[in-house]
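For reference, the structure discussed in these notes is given below.
The values are calculated or read from the model by the stated rules, or taken from the named source; none is laboratory data. Model, not experiment: these values are computed from the prediction. Glycine gets a Cβ as well: all are built from the backbone with ideal geometry, and neighbour counts include every protein chain shown. With ligands, DNA and RNA removed, areas are computed over all heavy atoms of the protein, side chains included. Shrake-Rupley method; radii C 1.70, N 1.55, O 1.52, S 1.80 Å.
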Amino acid sequence: MGAGFAGIYALHRLRKMGLEVCTVEAGADVGGTWYWNRYPGARCDTESMQYSYSFSEEIQQEWEWTELYAAQPEILSYIKFVADRLELRQHITFNTRVDALNWDDDASLWTATFSDGRKVRARYCIMATGCLSVAKEPDISGLEDYKGRLLKTSDWPAEEPDFLDERVGLIGTGSSGIQTSTTIAPGCGNLTVFQRTPNYSVPANNRPMSAHYVESWKSNYPERRAALRQSRNYTLYNNPGMRSGQELTECQQKALLEAEWQIGGIGFIYTFNDTTKDREVNTAVADFVRRKIRETVEDPQTAEVLSPGDYPIGAKRICVDTGYYEIFNRDNVDLVDIRADPVETATANGLKLKSGQEIELDTMILATGYDAMTGALNRIDISGREGRTLSQEWDAGPQTYLGLMVAGFPNMFLVTGPGSPSVLSNMVPSIEEHVEWITDTIGDLHDRNENELEPVRAAQQDWMAEVDAVSRKSLMREAASWYMGANVDGKAQVFMPYAGGSVTYAQILDQRTSDGMQGFVYR
């Protein structure tokens with residue numbers, strides 16, 4: 001299920017194994033998240049040379065990235081190139097969703113019911129449904145009464161809208177909202193940004209890819225990829241992040257932070273290896289960003305509203321921007337603090353605040369985030385052994401073994417699921433790691449002449465206890481973030497990704513797999 005980075009690689013591996021594969025994709029083309037996320041300014045926050053497949057030397061050498069941080073159209077073109085290069089399209093059913101998955105204990109088979117009514121029986125199901133693929137519904141009353149144009153960053157129209165002379169309102173200041181507002185601000189009549197929670201954002205300092213930089217990777221890909229797999233989050237930054245902020249003077253801290261700020265990118269948060277563990281160091285890093293905001297934004301009151309102050313830096317996904325804070329110096333951009341003055345309701349003409357003020361809008365843009373990590377899976381009616389549903393199993397929060405499988409749901413594999421490093425890592429190498437484990441495991445099942453594999457429930461409980469314990473050693477739980485599921489009303493609040501680092505996770509996965517599939521049971 002899914003034809004993004006994970007689905008494409010899984011399909012390729014399974015076809016090479018000689019298996020019959022049915023890949024189902026809701027979109028009209030490959031790309032997954034990068035097919036749907038076509039809002040203005042959509043861009044990756046991991047360097048292009050690293051946010052790419054490593055399994056094919058030919059693809060690594062043939063594809064040419066143009067920017068240090070690729071924009072959505074270029075990433076989508078890359079995924080299309082890979083699908084065509086590997087001749088995979090003929091094995092994908094597009095414009096189709098999986099509505100239900102039901103396990104048959106007697107036959108040891110899954111039945112998948114498609115949105116067009118067809119049913120398919122399968123020995124194995126691989127859920128390559130993505131971590132950020134189901135948009136969170138906005139909690140704005142009266143939205144049905146709004147008569148203007150309503151747009152969503154999660155489902156942007158293929159034909160780019162024109163905002164010339166329009167009054168545009170953008171709700172949400174996560175990554176999608178920051179990228180969209182920065183891009184459209186110069187071209188609209190007036191932009192009003194509605195902010196509930198300010199985010200820490202650092203400059204990307206994006207630039208065209210130099211020939212020298214490209215060659216430094218292409219001539220040393222094996223060494224670079226090997227080094228990447230030894231880094232904490234599967235990403236090589238200019239700063240190796242081996243320095244403790246506690247061991248440095250305040251002057252030294254500021255100098256290193258300034259150097260990383262000038263380099264740009266998400267590597268800033270890893271200037272010190274204890275930023276998300278040591279409160280004093282975290283405060284120093286957060287204070288540095290707040291000073292940068294005050295230096296950039298001319299109006300002190302606006303700068304104060306834009307400055308996060310009630311949660312540690314890194315506890316929410318840090319954003320990477322191209323001139324975000326600068327747009328608030330424009331005459332045509334306004335900031336509304338809806339924490340201080342909440343939105344009461346939508347009206348026919350715009351939004352009415354609790355204070356009674358009504359802000360008239362020609363276009364309203366919703367950048368209200370995603371039901372992260374579990375949303376795509378919970379949207380499917382999945383029932384395992386004895387008719388037990390996945391939504392029942394996950395009512396108090398997701399339960400997985402190593403983020404790969406769920407007890408009671410045999411032969412159902414998750415790619416970068418909750419309980420794995422997932423969104424705390426460079427997603428592409430993490431996807432490759434999971435896909436290779438899944439396909440190798442399927443091959444092993446065939447070699448053993450076994451029909452089923454699933455986790456032992458006790459092993460799953462122990463693993464999720466470990467995921468929880470590791471998260472409690474950091475400051476990352478101290479924000480109402482989508483890591484915790486806190487952005488979705490009624491969702492159980494548990495820290496979903498494994499925060500112990502990709503290298504540690506890989507070691508655990510290898511040890512448990514090589515040690516007779518510890519924690520799994522064959523049937």
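Tell me which of these Gly350 doesn't satisfy, since it passes every other one: (1) closer than 29 Å to Ser231 by Cβ; (2) at pLDDT 95 or above. Answer for Gly350: the failing condition is (1).
May I ask you to list the residues in region 459-479 that are of a type outside the set (D, E, K, R) and surrounded by fewer than 16 Cβ atoms within 10 Å (Cβ to Cβ)? Before you say what the answer is, go through the steps one by one.
So in region 459-479, the residues of a type outside the set (D, E, K, R) come out as 459-461, 463-465, 467, 469-471, 474-476, 479.
The answer is Gln461, Ala465, Ala469.
From the list Asp395, Asp381, the lone residue that is out of contact with any Phe, Trp or Tyr (no Cβ under 6 Å at 6 or more places or on another chain), under 16 Å from Val494 (Cβ atoms) and surrounded by fewer than 24 Cβ atoms within 10 Å (Cβ to Cβ) is Asp395.
Considering only region 213-233, state which residues are within 19 Å of Glu58 (Cβ to Cβ) and among the aromatic types (Phe, Trp, Tyr). Listed by number, the residues that qualify are Trp217, Tyr221. In the set (1) surrounded by 14 or more Cβ atoms within 10 Å (Cβ to Cβ); (2) basic (Lys, Arg); (3) more than 18 Å from Trp394 (Cβ to Cβ); (4) under 25 Å from the mean Cα position of the chain (by Cα), the condition left unmet by Arg512 is number (4). Sub-6 Å Cβ pairs linking a first residue in region 159-170 that is in contact (Cβ under 8 Å) with a residue 24 or more places away in the chain and more than 15 Å from Leu366 (Cα to Cα) to a second residue that is of a type in the set (Asp, Glu) and crowded, with 16+ Cβ neighbours inside 10 Å, at least 6 apart or interchain, are Glu166/Asp362, ordered by first then second residue. Helices (runs of 4 or more DSSP H) fully within region 299-418 that include at least 3 residues being in contact (Cβ under 8 Å) with a residue 24 or more places away in the chain: 300-306, 375-378. Those helices (runs of 4 or more DSSP H) of region 29-101 in which 1 or more residues are surrounded by 15 or more Cβ atoms within 10 Å (Cβ to Cβ) and of a type in the set (D, E, K, R) occupy 72-85.
Residue-level check: of (1) at pLDDT 95 or above; (2) closer than 19 Å to Asp45 by Cα; (3) buried (at least 18 other Cβ atoms within 10 Å of the Cβ), Val281 misses just (2). Just one of the numbered conditions (1) in contact (Cβ under 8 Å) with a residue 12 or more places away in the chain; (2) β-branched (Val, Ile, Thr); (3) more than 30 Å from Val494 (Cβ to Cβ) is not true of Thr249: (1). Residues of region 480-509 that are buried (at least 20 other Cβ atoms within 10 Å of the Cβ) and hydroxyl-bearing (Ser, Thr, Tyr): Ser481, Tyr483, Tyr498, Ser502, Tyr505. Considered as a group, the residues in region 114-139 that are closer than 28 Å to Gly485 by Cα and among the hydroxyl-bearing types (Ser, Thr, Tyr) include one that is most open to solvent (accessible area, probe 1.4 Å), and that residue is Ser115. Within the bounds of region 2-16, is there any residue that is surrounded by fewer than 17 Cβ atoms within 10 Å (Cβ to Cβ) and either on the phi > 0 side of the Ramachandran plot or not in a loop (DSSP other than H, G, I, E, B) (or both)? Among the residues of region 2-16, at least one is surrounded by fewer than 17 Cβ atoms within 10 Å (Cβ to Cβ) and either on the phi > 0 side of the Ramachandran plot or not in a loop (DSSP other than H, G, I, E, B) (or both), which makes the answer yes. Exactly one residue out of Ser231, Ser210, Ser219 is of a type in the set (S, T, N, Q), exposed (fewer than 13 other Cβ atoms within 10 Å of the Cβ) and modelled with pLDDT under 95, and it is Ser210. Identify the single condition in (1) over 26 Å from Arg279 (Cα atoms); (2) at pLDDT 95 or above that Asn199 does not satisfy, given that it satisfies every other one. The number of the failed condition is (1).
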